[in-house]
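In what follows, a structure is listed as structure tokens, so that the remarks can point back to it.
The values are calculated or read from the model by the stated rules, or taken from the named source; none is laboratory data. Just so we're clear, the structure is a prediction, and the values are computed from it rather than from any experiment. Note that we place each Cβ from the backbone using ideal geometry, even for glycine, and neighbour counts take in every protein chain shown.
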Amino acid sequence: MNVFRRSGIRLSAIAGLVFLMFGTAFPANAKITYHISLADRTVHRFDVTMDINNPVTGTEVAMPAWNALYQVRDFAVRVRDVRLVPAYPIRKIDKQTWQIGDPMNPLAGNVPDDFEVHYTIEWNDLGPFNSQVDDRHAFLNLAEVLMYVPNRRPEATEVVFDDLPEGWKIATELAAGPEANSFAAPSYDALVDAPVEMGNFREASFDVNGAHYRMTLDTTPIDSETLESNLRKIVRYETTLMGGAPFKEYLFIFHIGPYGDVGGGGMEHANSTAIAVSSVPLATSIGAHEFFHVWNVKRIRPQTLEPVDYTKEEYTRALWFAEGVTNTYESFTLVRTGIWSKDQFYQDLTDQITELQSRPARLWQSAEESSLDAWFEKYDSYRAPDRSISYYDKGQILGDLLDLSVREATENKKSLDDVLRLLNEEYAKKGKYYNDSEGIEGAVEQVAGKSYADFFRKYVSGTEEIPYNDYFTFAGLSLNVDRQISPDIGFMPARVPGGKQFTVATLEHGGPAEAAGLRVGDEILTLNGEAFPHNLRAWLREQPAGAAVTLHISRGMAEMDIQFKMSSHEEDRYSLAEDGHASELQKRIREGFLKGTTD
């Protein structure tokens, strides 16, 4: 089926929708300029001035309700002291919107030709999903700091940073503006898709495949040479895979160290990424993931996420592909560049299978439903195994199985790589968006030359159990399961962006953790004197049943230690084995799966 004719939407059509949504055209010389002062950085406050020319009575300004995470976080709650200069009436009309004057009862005189909206906004939460300003540095996701004029989002913008401490530098992937410390963008959306780091960070740069790459390192001492070497391998592999970089320059912003671990992850942007982690290996893995987002989600994008609506939730069924299959390519990149060994790749894949199969919710929540329910992730109870699965986890597995299936259907002449390249050509490069899972299904069918209706019905929109070995056998692999006695820590953690890394989401009733005094909502500062592990399952795999645990926690205004011995439980543990009697085709598929090659 020719899915592209049916489901593609052109950017020009979206522009028309934007015009219809936002109303009349804005003046040709219209521009909104922002000044962000760091004068009050010691109290974690940005002072913002928003210069709006050519206004009319009734002009509205608004603060986004969400950004960076699929969570409504109401950034307006951080705003105070909204006023106009020169003085003119301004009134709040809902939780995130202010109106200039009263269009039904204008005061005598005209709206000034040019006026400034002044306000302050407080931020002291670590990135990459938040913003922060203090004496050490500043990091900004600009949609969390800057208001916008709803009917003037498409017009040119400029941001100027004032009152920087002596010696501070600015790193962002925005075009330089006309004055010192100023930057320009063609629209509000383009402006806020470029994070900003300011401070005395370390820097490095390199060139790969015709593009320039910059790194900023706000870190404790690390092996930056290894990180740079790994990034070179990652960007070389991924840009070669996708036929070149769709930019001239790209920026990696890294926060690595104990304070970086609190942010816990990475955030993709069109020409940059911000990553906060505790170590170089994690920075490498997340770097491979976030850099592949250059294509998958930032340019190969579901139509359900366009145009961006900053006022409320925006639902899509395609996060299993946009995020989960990006996880697939994270692991592909790491093994195909030699950063991971084959055994590490197999272990990572079977960890995802073990996690999915341990969640009873897999029997009733599909990959598509998990994508729609991303907005529930801020609730700890939603993360329970009997309540939800992860679109990252199942999406990664589905990506691997699709790769094997396409290779088998084409006798290893095509792969999932060809599907991504096709989507890039037919959607990203033509300014179109795909129609959620239907668009992905059509692209897979076009590459493989066969129907995938059953696959998508059963495992993407449906909840049938995945017959793993039906797919692994294509590569002469077999998935084995062993019933093992495993240590049980007695609670389920949940990451809290901007909090102290993790909290206790659920407790095993009557378990040793609960008996020792641990409570739901406790913030976990350390586990046995170390940062709480990002991959708890991998950590538990190295622990004996009955091992002693010391949790240092924060509860209210107090910190305390909780000590107990872990219990144990039986669980299915999965592993992959290679068939020593595989056929030549199976061996070639396996080789292609691991190395990214086709016949």
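Points worth noting:
- Residue ID - farthest from Val277 (Cα to Cα), chosen from residues in the stretch 219-237 that are assigned to a loop (DSSP other than H, G, I, E, B) and free of Cβ contacts under 8 Å to residues at least 40 places away in the same chain: Pro221
- Verdict on Asp436 being in contact with a Ser or Thr (Cβ under 9 Å, 6 or more places away or on another chain), assigned by TED's automatic domain parsing to the domain that holds Arg387 and surrounded by 20 or more Cβ atoms within 10 Å (Cβ to Cβ): yes
- Scan of the stretch 401-459 for residues that are within 24 Å of Ala270 (Cβ to Cβ) and among the β-branched types (Val, Ile, Thr), ordered by number: Val419, Ile440
- Flag for Arg362 being at pLDDT below 95 and either of a type in the set (Lys, Arg) or assigned to a helix (DSSP H, G or I) (or both): no
- Residue within the stretch 369-386 that is surrounded by fewer than 22 Cβ atoms within 10 Å (Cβ to Cβ) and in contact with a Gly (Cβ under 9 Å, 6 or more places away or on another chain) present: yes
- Among the residues of the stretch 440-499, those that are without any contact (Cβ under 8 Å) to a residue 40 or more places away in the chain, among the hydrophobic types (A, V, I, L, M, F, W, C) and not assigned by TED's automatic domain parsing to the domain that holds Val549 comprise Ala453, Phe456.
- Residue among Pro178, Pro221 that alone is within 29 Å of His35 (Cα to Cα) and either surrounded by fewer than 16 Cβ atoms within 10 Å (Cβ to Cβ) or among the charged types (D, E, K, R) (or both): Pro178
- Among the strands (runs of 3 or more DSSP E) confined to the stretch 534-582, the ones with at least 1 residues that are surrounded by 13 or more Cβ atoms within 10 Å (Cβ to Cβ) and within 32 Å of the chain's Cα centre (by Cα) are located at 548-555, 567-578.
- Residue match in the stretch 316-327 (condition: in a loop (DSSP other than H, G, I, E, B), under 17 Å from the mean Cα position of the chain (by Cα), in the same structural domain as Arg421 (by TED's automatic domain parsing) and not polar (S, T, N, Q)): yes
- Residue within the stretch 190-207 that is surrounded by 14 or more Cβ atoms within 10 Å (Cβ to Cβ) and on the phi > 0 side of the Ramachandran plot present: yes
- Gly592 meets each of the listed conditions (1) surrounded by 15 or more Cβ atoms within 10 Å (Cβ to Cβ); (2) small (Gly, Ala, Ser); (3) under 27 Å from Leu282 (Cβ atoms) apart from (3).
- Residue in the stretch 425-433 that is among the aliphatic types (A, V, I, L, M) and closer than 16 Å to Ala322 by Cβ present: yes
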